[in-house]
Each structure stands twice: as C-alpha cells, then as structure tokens.
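Comments concern the structure below.
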Amino acid sequence: MRTTAQGQVYFYNSVTGASTWHDPRVPQHLRHCAAAAGPLPPGWEMRHAPSGRPYFVDHNNRTTQFTDPRLALSARLTPPLDVAPPVPASPPTATPVPATASIEPPDADALPKYKRDLAAKARVLRAELQALQPQTGHCRIEVSRNEVLEESYRLVMKLRGKELRKRLLVKFRGEEGLDYGGVAREWLHLLGRELFNPHYGLFQYASAGDDRYALQINSDSGVNPEHLSYFHFAGRILGVALFHGHQLDAAFTAPFYKQLLGRPITLRDIRDVDPELHRSLSWMLDNSIAGVIDTTFSVECSSFGAVRSVELRPGGTNETVTDANKRDYVRLYVAHRFTRGAERQWLALQRGLADIIPPQLLRPLSPRDLQPLLAGRADLDPADWRRHTRLKHVNPDAPIVGWFWEIVEEFDAEMRARLLQFVTGSRRVPLAGFRALQGSTGAAAPRLFT
C-alpha cells in the first residue's frame, strides 16, 4: 500500500508493477455490499466526486481511498500488501479527493472542522481536477514560435473544453523533441507573454501598490471587433494553466482575481489599485458631506480622448448624493470603477475559464489563493531547487555538480529565472516549490541536465 503526495491511497503490485486504487484483498463481489457492514469507523467520512463516484476520507491519517474501509474490517483481511494479489493492469478512471479540505463553498451550512490552509486547498483542487482528466488520449498542440498567439488561438478555440483537459502534448513547428511537461510550460509562458501584453489592447497595467504594476482588463478593448472571442480564449488559457498545474508569467491586480471568481468588489479592494480614489471615497463615508460635496450619481469617463457622462443608476444625473445615500453611491462607484465598459469582457473571460474548470471547484478559494496558483512563485530558492533535483549519469559528489550549484547561488533573480526556463520551460515554480513541478503525466522532480 502506498500514498501519493496528495494523500491518495493506492495499491502497488511489486511483482507485476501494476497499481490500482482498490484494495486487491477485497473480493470484487464484496465491493457493493458495504452498506450491510454498519457505520463507518471513527474518523472516516464518505464523499462523492463530481462524477458521482463515492470515495472515503480518513481524517485520522489525512488520506483518501476508493475502497470502503468497512469491507476490510468486516472481512478481517490479513495478507501482507507486498505479495502479488490479482491487480488490474489498467489505471483507474478517476482520482480520489484528499481529506485535507472540503470541496463545498465557504458559505456552506456545514464547514469541516479541519483547518483549510492554502496548501490543503491546492491539494484538494489538484485531486478534483485529476478526477476530471480523461485517462486516455492527449491534447496535441503544434504551433510556430513566431505565431504562437494567433495559431494557439485558432487551435484552442476549435477544441472542446473536455479535450483541453487531456494531457498536453505540445510541439513547436520545426523543432524535434518529446514533451514531458517542459514544452507545454514553455508554450504557456510564451503565449501568456503575448496574450496579456498591453500592446494588444486586451489588458492594461494598473497600480498594484508599492510602485508595482499589474494587469487588469482594458475597458477600451472593444475597439477590436473580435475582443470578446479573445477574452473567451484568455479565460480558457487561464483554465488550461490551472488545470494542468502550470504557471503563467503574468501578474494581475487583486480585484482581477476577485472578479474572476465572481466575487463582488468592495471599497477595500481599490486601495492599492487607485489609492487616491480610495482615500476620497473613504473620507466621504467617514465624514458628513453636507455643504462640502456637490455631486450626483454619475461619473465622467474618458475613452480615446473623449469625455462622457455615465449614470451609476437610472436617473443618476438628476440624483444628488447626500449623507443618506452616500453608501449606495460609493458601492456603485466602486463597481463602476472595475467594470465600466468591461461587463461583456468579464463574462467572456469567466465563460472560458468555466469551459475547463467547473466554477464550483473554485468556490473554496479566495482571490488571494488564486494568485499563487496561477502565477506560482517568482522567488527561486537554490537550496529547494537542489533538494528536489534528480541527478542522472553523474556522481553527486563530482566537482562539476558542486560548481553548478555554486553558480546558481551566485546568480541574481533574473538569471535564476532564465536558467529555470531553460531547464523546465517556466520562469516560476508552483506554490509548493520545486517538489511540485510536474511532467506531462504527473508529478516529477526537475532534473539536472549534464
């Protein structure tokens, strides 16, 4: 019996090399008779994957499995697990969900009592997504490096969401090689750099505080007649990256992640994006505006040099803001600040994301959770890198290995990012660090190429 990094229990036949999610000691004819075996053991819980398939959560050991624990107890199974039982050679059709977090939304009536930190949320999301991944076939993508945006757009928009969940096999035209995850990571890196570039008019830079800038939707993107289709495409790319555990080299504003999850924007959310507006609206809420502020429920917007007045609600031009209604004004102003002229763009982006990832799977995540899951970590720890690197065809004590890591230690952040991109195809690492880097068929540590 073994356990995956996500806490999923599986059974491995050391003789044949085959593995299965079901306990091979439990006879096939007993697997549907668990209901008569009484209640589950203490600390166990039965849940259902999105497909409806039941699985069992062991909160005592923080693991999950498909085999009903009552069967093992009632049958008093004793044979050792490393002998050669009859194990099916085919892989399972779905992946069980770890017990480290609930898949229910935060406002569910009965939240689990177990702590739901970000690492736990990431593990449960990864397991849920693995359960949705087809076990056969691949999603083959071949594009030119010089036309990565346009060719990727045409290919991705032709495919169904289910096809984009298959294991990615990416190839750059005219280049030979096998995609064990690195080519797919590089494809997403290059594609993201083009797609989210403000030069194309879909996104624009906004302040993110501390002299940093991040991306948000450009409300003037409608100048491109195909902009909604491209936002649908952008949503799919966000979904593909998140589904396959890859990171995008793009940083978005905090309100962007909140809107992507369909959460309402509040005054607090604009503090870093527009600090001056935040101060003005906060002062309005904290002080009497009688005889001080004379304005109506309308705002002036500038688009391509033209200024026009927009009502925050019907009849807003003729409705004066007072102490009695100023909270409504602030709420509508904040919503307008982030959605003006971009309502349809947001709908297209969210629809693209939902093509790949069912929205209910993202409900347990907060906007702060989503940012590192999509963008990963830019800080590269050489010690973590070295600890999770496998050496092949070289002695770990060889001088050249020591020299390599000395150079990595001396590199600045930009050079480390470039080296990582050369080795793995990505400039960033997942939230859990180097140990969470994945190949095309699952988790695999990075390798030192010599």
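Brief remarks on what is shown
- For residue 197, the conditions (1) within 21 Å of the chain's Cα centre (by Cα); (2) surrounded by 15 or more Cβ atoms within 10 Å (Cβ to Cβ); (3) more than 30 Å from residue 321 (Cβ to Cβ) are fulfilled apart from (2).
- Look at the stretch 306-319: where a residue is in contact (Cβ under 8 Å) with a residue 24 or more places away in the chain and over 11 Å from residue 333 (Cα atoms), no partner that is of a type in the set (Phe, Trp, Tyr) and surrounded by 12 or more Cβ atoms within 10 Å (Cβ to Cβ) sits 6+ places away or on another chain with Cβ atoms under 9 Å.
- Selection within the stretch 304-335 - among the small types (Gly, Ala, Ser) and farther than 23 Å from residue 276 by Cβ: 315, 324
- If only residues of the stretch 63-82 that are buried (at least 16 other Cβ atoms within 10 Å of the Cβ) and not in a helix (DSSP H, G or I) are counted, the one that is modelled with the lowest pLDDT is 66.
- From 379, 397, 384, residue being at pLDDT below 90, over 29 Å from residue 281 (Cβ atoms) and part of a helix (DSSP H, G or I): 384
- Qualifying position, being in contact with a strand residue (DSSP E or B) (Cβ under 8 Å, 6 or more places away or on another chain) and within 18 Å of residue 259 (Cα to Cα), among 340, 363, 331: 340
- Positions within the stretch 155-175 being surrounded by fewer than 19 Cβ atoms within 10 Å (Cβ to Cβ) and under 21 Å from residue 232 (Cβ atoms), in sequence order: 155, 157, 158, 159, 160, 161, 162, 163, 166
- Number of positions in the stretch 301-321 that are in a loop (DSSP other than H, G, I, E, B) and surrounded by 12 or more Cβ atoms within 10 Å (Cβ to Cβ): 4
- Which numbered condition residue 290 fails, given (1) more than 20 Å from residue 220 (Cα to Cα); (2) surrounded by 13 or more Cβ atoms within 10 Å (Cβ to Cβ): (2)
- The stretch 336-363: number of residues that are assigned to a helix (DSSP H, G or I) and either farther than 27 Å from residue 278 by Cα or hydroxyl-bearing (Ser, Thr, Tyr) (or both): 12
The values are calculated or read from the model by the stated rules, or taken from the named source; none is laboratory data. Keep in mind it's a predicted model, so treat the numbers as computed, not measured. With ideal geometry, Cβ positions are generated from the backbone for all residues, glycine too; neighbour counts draw on all protein chains shown.
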